[in-house]
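Enquirer: Following this message is one structure expressed as structure tokens.
The values are calculated or read from the model by the stated rules, or taken from the named source; none is laboratory data. Because the structure is a prediction, the values reported are computed rather than measured. Ideal geometry is used to build each Cβ from the backbone, glycine not excepted, and the neighbour counts take in all protein chains shown. For accessibility, only protein heavy atoms count, side chains too; no ligands or nucleic acids. Shrake-Rupley method; radii C 1.70, N 1.55, O 1.52, S 1.80 Å.
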Amino acid sequence: MMSVYAIRDKVAESIGQQVWLFKADAAAIRFFHDVLSDAKSYPAQDPDDYELLSLGILEDDGTFMGAPMVIFTGTQWKQARDAAEAAKLDEAIG
């Protein structure tokens, strides 16, 4: 059993052409983090415009169940990144 994920562009109101399979949301969120951290990726240019969706579950027998659900957003990623950077600065300043 694997969960199916996609990145949705909220402005264009479209889901990208690729989907990814992960066993857990945490792995998908880590992947989304990597996409947003890559300065060459489209989502990195405007992270607030993107969100990670769980599309459903692909069962071992090939059946698919579920409905799209937002797992993590680019806005949440930016907030976490900014908080981590602020914490590092506070620690450096002492």
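Enquirer: For LEU36, state whether it is in contact (Cβ under 8 Å) with a residue 40 or more places away in the chain, open to solvent by less than 50 Å² (accessible area, probe 1.4 Å) and in a helix (DSSP H, G or I). Talk me through it step by step, then tell me what you get.
Expert: Numbers: in contact (Cβ under 8 Å) with a residue 40 or more places away in the chain: yes; open to solvent by less than 50 Å² (accessible area, probe 1.4 Å): yes; in a helix (DSSP H, G or I): yes.
So LEU36 fits the description; yes.
Enquirer: Filter the stretch 60-76 down to residues that are in contact with a Leu (Cβ under 7 Å, 6 or more places away or on another chain) and part of a loop (DSSP other than H, G, I, E, B) and give me whichever is surrounded by the most Cβ atoms within 10 Å (Cβ to Cβ). Spell out how you get there, then give the answer.
Expert: Within the stretch 60-76, the subset in contact with a Leu (Cβ under 7 Å, 6 or more places away or on another chain) is 64, 66, 68-72, 74.
This time we only want the ones that are part of a loop (DSSP other than H, G, I, E, B), so: 66, 68.
Values: GLY66: 12, PRO68: 14.
The residue in question is PRO68.
Enquirer: Would you please name the residue that is most open to solvent (accessible area, probe 1.4 Å), looking only at residues in the stretch 11-33 that are closer than 11 Å to PHE72 by Cβ and not aliphatic (A, V, I, L, M)? Spell out how you get there, then give the answer.
Expert: Our first condition is that a residue be closer than 11 Å to PHE72 by Cβ; within the stretch 11-33, this holds for 25-26, 28-33.
In the following step, the residues that additionally are not aliphatic (A, V, I, L, M) were identified as 25, 30-33.
Working: ASP25: 67, ARG30: 145, PHE31: 51, PHE32: 1, HIS33: 85 Å².
Of everything passing the filter in the stretch 11-33, ARG30 is most open to solvent (accessible area, probe 1.4 Å).
Enquirer: Just checking, which of TYR42, TYR50 is under 28 Å from GLU85 (Cα atoms) and at pLDDT below 95? First the steps, then the outcome.
Expert: Values: TYR50 fails: at pLDDT below 95.
After applying the criteria, what remains is TYR42.
Enquirer: Something else: Starting from the stretch 76-93, keep only residues that are closer than 15 Å to ASP46 by Cβ, then list their pairs with residues that are open to solvent by 90 Å² or more (accessible area, probe 1.4 Å) and part of a helix (DSSP H, G or I) whose Cβ atoms are within a distance under 9 Å, requiring at least 6 positions of separation or different chains.
Expert: none
Enquirer: Follow-up. Which residue pairs have Cβ atoms closer than 8 Å, lie 6 or more positions apart in sequence or on different chains, and pair a first residue in the stretch 45-65 that is within 16 Å of VAL35 (Cβ to Cβ) with a second residue that is of a type in the set (Val, Ile, Thr) and loosely packed, with under 11 Cβ neighbours inside 10 Å?
Expert: ASP46/VAL11; ASP49/VAL11
Enquirer: Looking only at the stretch 45-59, count how many residues are outside any strand (DSSP E or B) and either among the hydroxyl-bearing types (Ser, Thr, Tyr) or surrounded by 15 or more Cβ atoms within 10 Å (Cβ to Cβ) (or both). I'd like the intermediate steps shown before the answer.
Expert: Applying the first criterion (outside any strand (DSSP E or B)) to the stretch 45-59 yields 45-49, 59.
Right, trim to either among the hydroxyl-bearing types (Ser, Thr, Tyr) or surrounded by 15 or more Cβ atoms within 10 Å (Cβ to Cβ) (or both) and you get 47, 49.
Total satisfying the criteria: 2.
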